[in-house]
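Enquirer: I'd like to ask you about the structure that follows.
The numbers here are math on the coordinates, done by the rules we state, and not lab data. Model, not experiment: these values are computed from the prediction. Please note: Cβ atoms are built from the backbone with ideal geometry, for glycine as well, and neighbour counts cover all protein chains shown.
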Amino acid sequence: MNVLILGSGGREHAFALKLIESNKINQLFVAPGNAGTDKIAKNININPTNFTAVKKIVLENDIKMVVVGPEAPLVDGVHDFFLADNQLKNIPVIGPKKDGALLEGSKDFSKQFMQKHGVPTARYQSFTKDNLTDGFAFLETLEPPFVLKADGLAAGKGVLILDSLSEAKTELEEMVSNQKFGEASSTVVIEEFLKGIELSVFVLTDGINYKILPSAKDYKRIGEGDTGLNTGGMGAISPVPFADKAFLDKVEELVVKPTIAGLQKDGIDYRGFIFIGLMNDNGNPSVVEYNVRMGDPETEVVLPRIESDLFDLFEGVAHQTLDQKSFSVIDKTATTVMLVSGGYPEAYQKNKEITGFDTVDESIVFHAGTTIKDSKVVTNGGRVMAVTSLGDTIEEALAKSYRSINKIHFDKINYRKDIGFDLV
Ligand code: AMP
Ligand code: GLY
């Protein structure tokens, strides 16, 4: 069978490497892909949110399944587009329809959903410019720090955590009245600050049945010791040592089961991944956010630990037979360290030649922002490559990743030397 992956990051390269292990896959396509996916699949340079272009390549290449990497095509309704088209409606899309994608596309919707279905989460209220003074009053009932979230997608930048009440009021007004994050912040969720340690749990569901994938922790800040600006993610570790069986059992009972049941009660037929961002507060889970896709770089540590055939699992999602699919996880630790362009997450240069990555033999190098120019692999984004290793311990896996990184070179390479610092 021919399969298409939409996206171009490390996550999509990880999907591609895992899917080509399946003997049921004939040819794999990635749109637009990167220099890594180019080696193992056929890249097609289209924008995944251009659904007519997606349709064209699906029909031209006899594609029989589409796996959606990033959130934007899902929130824009790529799955609904397929179902509404006579030529596409029988081609499964791995990823929710618009109604399910709202769990990520609207913070207000996801908070209402959690409250309605009894999923533990921070107390909250939503405000627009029409009830700004109620927003000020609600802020006065909370203890600092204050958490303000743009309702809509804001490229990971729409959350502000502020220490002072006056700053929180000013920012709230900037968001709702002056569109600080554009249309995305015309509604703002204000919520209680959650204490604890953060981690992510990933679920694959066919709408009825589910598999809980390995947990992971990512390192979002650019600087060592978790300092400096937020990034898409500078590294990740799986499993998370502080998420023991007792905690993960609570996550399943208190979060996963009510989430899947809530989707069914609300008539949302959800087929795809749910990425649950959680706070572990003294052994009790509280949901920080839902995403409707896998994380990046979390995928680069989660998928290498899955032994089962990913395509087989996706067929289970498509045909609502996930309960009949075998699922097993490798009992090792995976670590990934992201190599980024100097300057990222602020301004950085592209087109720097990357060398040495093909000599790495004790890690997997997942390409993210890379492309091919004049037959050379060059940088093409802020996050360039994720270097993943497996080991019996976090220390062993990290040592492999850092040894491999020493072999990889490009101008102004940057990476965090302390991934996992808080766990070892
Ligand atoms: P979100 O986009 O909702 O995941 O928020 C981005 C980041 O802000 C999260 O990964 C957390 O680190 C932090 N955050 C969000 N909401 C809260 C909260 N209620 N309490 C503490 N930290 C939060
Ligand atoms: N690494 C965080 C995310 O994918 O949203």
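Enquirer: Which peptide among 295-307, 62-74 comes first, and what is the full order, when sorted by highest mean count of other Cβ atoms within 10 Å? Let's see the in-between values first.
Expert: Numbers: 295-307: 24.8, 62-74: 22.2.
The densest-packed peptide leads the list: 295-307, 62-74.
Enquirer: How charged is the neighbourhood of THR299? Take every other residue with its Cβ under 14 Å from the Cβ of THR299, and add Lys/Arg as +1 and Asp/Glu as -1.
Expert: Working: positive: ARG11, LYS18, LYS217, ARG293, ARG305, ARG383; negative: GLU12, GLU71, ASP218, ASP296, GLU298, GLU300.
That works out to 0.
Enquirer: Could you list, in their original order, any pairs among LYS157/LYS400; LYS42/LYS352; LYS55/LYS412 whose Cα atoms are separated by more than 30 Å? Intermediate results must be reported in sequence, preceding the final value.
Expert: Details: LYS157/LYS400 32 Å; LYS42/LYS352 23 Å; LYS55/LYS412 39 Å.
From LYS157/LYS400; LYS42/LYS352; LYS55/LYS412, over 30 Å: LYS157/LYS400; LYS55/LYS412.
Enquirer: Sticking with this one: Pop out the ³J(HN,Hα) list for the range 138-150 in order, Karplus 6.51 cos²θ - 1.76 cosθ + 1.60 with θ = phi - 60°, rounded to Hz; leave Gly and Pro as x.
Expert: Coupling constants for the range 138-150: 5, 4, 5, 7, 9, 8, x, x, 9, 10, 10, 10, 4 Hz.
Enquirer: Take each of the peptides 164-170, 272-278, average the number of other beta-carbon atoms within 10 Å over its residues, and list them starting from the highest. Don't skip to the end; give the middle numbers.
Expert: Working: 164-170: 14.4, 272-278: 23.4.
In decreasing order of mean packing, 164-170, 272-278 become 272-278, 164-170.
Enquirer: Related question: Hey, can you rank 5-18, 42-55, 178-191 by average C-beta count inside 10 Å, highest first? Before the final figure, lay out the partial values.
Expert: Values: 5-18: 27.6, 42-55: 16.6, 178-191: 19.1.
Final packing ranking: 5-18, 178-191, 42-55.
Enquirer: Sorted from largest to smallest, which semi-axis lengths in Å does the alpha carbon gyration tensor of the range 1-118 give for its equivalent ellipsoid, taking the root of 5 times each eigenvalue?
Expert: 26, 16, 13
Enquirer: Which residues in the range 177-206 place their backbone N less than 15 Å from a point set 7 Å from the Cα of SER166 along the Cα-to-Cβ direction?
Expert: none
Enquirer: What's the exposure ranking of TYR402, TYR219, TYR210, TYR270, going from fewest to most Cβ atoms within 10 Å? Write down the numbers at each step before the final one.
Expert: Numbers: TYR402 17, TYR219 23, TYR210 20, TYR270 28.
Going from least to most buried by this count: TYR402, TYR210, TYR219, TYR270.
Enquirer: Pop out the Kirkwood hydrodynamic radius of the chain from its pairwise C-alpha distances, inverse of mean 1/r, in Å to one decimal. Spell out each step's value before the answer.
Expert: Values: mean 1/r = 0.0453 Å⁻¹.
Hydrodynamic radius (Kirkwood, Cα pairs) of the chain is 22.1 Å.
Enquirer: For the range 195-256, what's the relative contact order in percent, using C-alpha pairs closer than 8 Å and at least 6 residues apart? Don't jump to the answer; show the numbers that get you there.
Expert: Working: 74 pairs, mean separation 15.2, N = 62.
Dividing the mean separation by the residue count of the range 195-256 yields 24 percent.
Enquirer: Then there's this: For a Förster distance of 22 Å, can you work out the FRET efficiency between the beta-carbons of ALA347 and ASN178, rounded to the nearest 0.05?
Expert: Details: r = 24 Å, r/R0 = 1.11.
Working from the Cβ atoms, E equals 0.35.
Enquirer: Between beta-carbons, use under 15 Å as the cut-off and find the net charge around ALA334, counting Lys and Arg +1, Asp and Glu -1. Please report the intermediate quantities before stating the final value.
Expert: Details: positive: ARG11, LYS18, LYS217, ARG305, LYS332, LYS400; negative: ASP218, ASP296, GLU298, GLU300, GLU307, ASP331, GLU362, ASP392, GLU395, GLU396.
Local charge sum for ALA334: -4.
Enquirer: Sticking with this structure for a sec: Of ASP76, ASP411, how do they rank once you tally other Cβ atoms within 10 Å and put the fewest first? Don't jump to the answer; show the numbers that get you there.
Expert: Working: ASP76 18, ASP411 12.
Ordered from fewest to most neighbouring Cβ atoms within 10 Å, ASP76, ASP411 come out as ASP411, ASP76.
Enquirer: Return the equivalent ellipsoid semi-axes of the range 1-70 as a descending list in whole Å, where each equals the square root of 5 times an eigenvalue of the C-alpha gyration tensor.
Expert: Details: eigenvalues 55, 41, 18 Å².
Here the semi-axes work out to 17, 14, 9 Å.
Enquirer: Calculate the translational D of the range 181-250 in whole µm² s⁻¹ from Stokes-Einstein, where the hydrodynamic radius comes from the Kirkwood formula applied to all Cα pairs, the temperature is 4 °C and the viscosity 1.567 mPa s.
Expert: Details: Rh = 15.1 Å.
The diffusion coefficient I find is 86 µm²/s.
Enquirer: So if each residue of separation counts as 0.36 nm, and I subtract the Cα-Cα distance between ASP85 and PHE242, what length gain in nm does that give? Let's see the in-between values first.
Expert: Details: separation 157, 0.36 × 157 = 56.52 nm, distance 4.63 nm.
My answer for the length gained is 51.9 nm.
Enquirer: Can you compute the modelled spin-label distance between HIS409 and ASP323, with each label point 7 Å from Cα toward Cβ, in nm?
Expert: Label at HIS409, label at ASP323, 5.7 nm between them.
Enquirer: Starting from the Cα coordinates of the range 137-197, work out the convex hull volume and express it per residue in Å³. Present the calculation step by step, with values, prior to reporting the outcome.
Expert: Details: hull volume 4.8 nm³, N = 61.
Convex hull volume per residue, Cα atoms: 79 Å³.
Enquirer: State the three equivalent ellipsoid semi-axes of the range 261-355, derived from the C-alpha gyration tensor as the square roots of 5 times its eigenvalues, in descending order and whole Å.
Expert: Working: eigenvalues 190, 81, 54 Å².
The answer is 31, 20, 16 Å, longest axis first.
Enquirer: Take the alpha carbon atoms of the range 324-374, find their center, do the same for the range 169-193, and report the distance between the two centers in whole angstrom.
Expert: The two parts, judged by their Cα centres, are 35 Å apart.
Enquirer: Hey, another quick one. Mind listing the long-range amide H neighbours of VAL30? Cut-off is under 5 Å, sequence gap 5 or more, other chains count too, H placed in the peptide plane at 1.01 Å from N.
Expert: Those qualifying (amide H under 5 Å, at least 5 residues apart or on another chain) are ILE5, LYS42, ASN43, ILE44.
Enquirer: Something else now. If you average over every viewing direction, what projected area does the convex hull of the Cα atoms of the range 195-337 give, in nm²? Please list the in-between numbers first.
Expert: On the way: hull surface 34.9 nm².
For the range 195-337, the mean projected area of the Cα convex hull comes to 8.7 nm².
Enquirer: Which of HIS319, HIS367 comes first, and how do the rest follow, when ranked by fewest Cβ neighbours within 10 Å?
Expert: On the way: HIS319 12, HIS367 28.
Listed from fewest to most nearby Cβ atoms, that is HIS319, HIS367.
Enquirer: Turning to a different aspect of this structure: Do the sum for the chain: with -39,500 (n - 2.57) for every DSSP H run of n ≥ 4, divided by all residues, what is the mean residue ellipticity at 222 nm, to the nearest 500 deg cm²/dmol? Spell out each step's value before the answer.
Expert: On the way: 14 runs with 119 residues, N = 424.
Helices in the chain give a 222 nm mean residue ellipticity of -7500 deg cm²/dmol.
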